[in-house]
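Participant: Okay, here's the structure, questions in a sec.
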Amino acid sequence: MTADGWPAAGADDWLALVAQTLRGWDLGELSSTTRDGIEIRPLYTGGPDRPAAVAVTDPRRLEAGWDVRAVHSLAPGTGGGWGDSNGLRQQIEDDLAGGATSLELEAPPGATADGLDRVLPSVDLSQTPLALAPNGELGPAEALLGLAARRDAGLAPGSSLGIDPVGEWARSSRRTDCAEAAEWAARTVSSGSLAPGVVAFTVDSTRYADAGATEAQDLGWATATGVAYLRALVEAGLSTDAAAGLIGFRLAATADQFVTIAALRAARVMWTRVVTASGGSADAARQYQHAVTAAHMYSRRDPWVNLLRGASAALAAGVAGADAVTVLPFDHASGAVDADGSSCRRLARNTQLLLLEESHMARAADPAGGSFYVESLTEELASEGWRVLQGIEASGGIEAAIDRGALAAAMEESWQSRLGALRTRREALTGVSEFPFLDEAAPTRHGSNEAGGTSGLPRRRLAEPFEDLRDAADRHQAATGKRPAVWIAALGSAAAHSARTAWAQNLLAAGGIEAHGATGVDSPVAAAADFAASGLTAAVITGTDDMYRLRGPSTANALAEAGAGFVALACDPDTPADLLEALRSAGVDEVWHDGIDAAAALERLHGAPGVG
């Protein structure tokens, strides 16, 4: 009995209530699987112990929070500087005044100390962490160190020189010498030019994620890259502890909160194992993490939904213990909102400030610790990632894998698998493949952060298959003055047809196609008359299976006689096969239901005469 006299309830009692709520469904049917094949169960009643490596131990982070890192891409100008130094300088100052606590700068290979000085005149380098975006050249790093020496100030802890030769090779197919970079870093350390807490090498795995890698692949390849840098630095004469302290990680955070939390924690577990197995101390094995909201999850269409995606990813990164977090502006994929980007940068900053200053997300050493679900997922991701790492090491290391195309091939396979889930809408994208805003104007491109023309790993976005369809619809509207449209022949009363009618309207809108009709008709003759009056050339029949048996074949025949060159039927996956065969024989061209390749169906519809 409980203290207030109620009988004590156990797990069996709870499960009995769950079974009652599920009304015949099995609890196991609520399970799902990650892209690495890890099962996500609906209930965890136990889990592994929390690894010591996942807890945040830096007292500065626990008190002040993670670094709110604003990112700025610097367009090359003349003389190693930048064309619009004044505008860029103002953006940086606005970010810092508005709550950003650190900066990431993408500097061109020919960057100079003078060029950096022009855009950072008021930035105190000893107090504001400054990270150079991952690159394969030493020029930007030398320029930043030169500026720090000119100002007689060491770089603030959390700064990064961004040296990433292995990542640069994967990103752009441009190979630079890892050993040469390591020797330069060792000389720089010996000269005293690097302040404590500043990393020289950045392992950037965000491009693996943006090219299609699974979480375990991302973890394994990132750790393998770290191993390559650790070896090179030790061979250049540094101790394992000193070498590990010069390596930081730049990792992707996605809107899948719990997978992101577990993946970042798993990355820390794996790196600790690498460093300690190499003879390093537990303190040196602590992984510095800069989490960046993944570019591949950002959509050009309905970009405001990206605010939710970015907030979910930032929350996950903060809970996972990231040292610095960058929330990309919500118009990152298109630059569609304002010309100077000020409102988008402000919202990116404020997303994190709300988490830090109102929710106090950084005040706990490991907020997710102790959750059976998170601990189990962390362990499974670390195990899968470790298997990927072992495979890479057994085949000669990360550089050999890049050289023979193994990484690109693995990412292509992973992407094709995910693309199938996107096209069938098993992985739904709000505002894109589900609940699209059909009347949204085409994005106005003030500027875009999407890369093109690279010969290395592709940059992919999840929304692209459906955004291509929306673009085709916009081109049709621009050429004809009308949006592509389809007539919906809804059979029976609203109560009877509304579910499948709404489903069909949602599907059509994902391809930029308007749905006309959909008010319900009481006979095939009325359906044909309404369709003929619409002037359209394609139709979708909606209703119940019972109504399809009663009027479906005659309605399909009537629509064809009224001029329909394409007729689809909205149904369920379990609609009887004999009924579907009868409808196909009567003139139904395609059967649509959950699980079909929706993008392919919409592509065919766009190609139908008079539609697209």
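Participant: I need the peptides 265-278, 320-333, 576-589 ranked by packing, meaning the mean over residues of other C-beta atoms within 10 angstrom, with the highest value on top.
Facilitator: So the peptides 265-278, 320-333, 576-589, ranked by packing, come out 320-333, 265-278, 576-589.
Participant: Something else about it: For a protection proxy built on the mean count of beta-carbon atoms within 10 angstrom, sort 120-130, 139-149, 210-220 highest first, please.
Facilitator: Put in order of decreasing packing, that is 210-220, 139-149, 120-130.
Participant: Tell me whether the range 435-557 comes out rounded, prolate or oblate; compute the Cα gyration tensor, take square roots of the eigenvalues as a ≥ b ≥ c, and use a/c under 1.5 as the rounded threshold.
Facilitator: It comes out prolate by the Cα gyration axes.
Participant: Equivalent-ellipsoid semi-axes (√(5λ), Cα gyration tensor) for the range 8-109, whole Å, largest first?
Facilitator: Each semi-axis is the square root of five times an eigenvalue, giving 52, 20, 15 Å.
Participant: Write down the percent of antiparallel bridges among all DSSP beta bridges whose residues are both part of the chain, to the nearest 5.
Facilitator: Once the DSSP bridges in the chain are tallied, antiparallel ones form about 5 percent.
Participant: Could you tell me the relative contact order of the chain? Use alpha-carbon pairs under 8 Å, at least six residues apart, and round to a whole percent. Please report the intermediate quantities before stating the final value.
Facilitator: Numbers: 1144 pairs, mean separation 75.9, N = 612.
In percent, rounded to a whole number, it is 12.
Participant: Mind sorting out which of [x] 77, 55, 44; [y] 88, 73, 50; [z] 94, 61, 44 is the real Cα extents along the principal axes in Å computed from the coordinates?
Facilitator: Read-out from the structure maps to [y].
Participant: Let me ask something else. For the chain, what is the accessible area per residue in Å² when the probe is 1.4 Å?
Facilitator: Numbers: 25320 Å² over 612 residues.
Per residue, the chain has an accessible area of 41 Å².
Participant: While we're here: How many nm separate the modelled label positions at Leu308 and Asn350, each set 7 Å beyond the Cα in the direction of the Cβ?
Facilitator: 1.9
Participant: Let me check against my output: what whole-number percent is the relative contact order of the range 312-436, with C-alpha pairs under 8 Å and at least 6 apart?
Facilitator: Working: 56 pairs, mean separation 21.6, N = 125.
Across the range 312-436, relative contact order equals 17 percent.
Participant: Oh, and also: Relative contact order of the range 7-118: what whole-number percent is it, with Cα pairs under 8 angstrom and at least 6 residues apart?
Facilitator: Numbers: 81 pairs, mean separation 24.2, N = 112.
It rounds to 22 percent for the range 7-118.
Participant: Just to verify a number: what accessible area does Ile392 come out at with the full protein assembly present, 1.4 Å probe, Å² rounded to tens?
Facilitator: Roughly 10 Å² of Ile392 is accessible to a 1.4 Å probe.
Participant: How large, in percent, is the carbon and sulfur part of the accessible surface of the range 205-319 at a probe radius of 1.4 Å?
Facilitator: Of all accessible area on the range 205-319, carbon and sulfur atoms account for 56 percent.
Participant: Run the helix sum for the chain: -39,500 (n - 2.57) per DSSP H stretch of 4+ residues, divided by residue count, reported at 222 nm to the nearest 500 deg cm²/dmol.
Facilitator: It lands at -14500 deg cm²/dmol.
The values are calculated or read from the model by the stated rules, or taken from the named source; none is laboratory data. Just so it is clear, the model here is predicted, and its values are computed rather than measured. Note that we place each Cβ from the backbone using ideal geometry, even for glycine, and neighbour counts take in every protein chain shown. Surface areas here come from the heavy atoms of the whole protein model, side chains and all, with no ligands, DNA or RNA. Shrake-Rupley method; radii C 1.70, N 1.55, O 1.52, S 1.80 Å.
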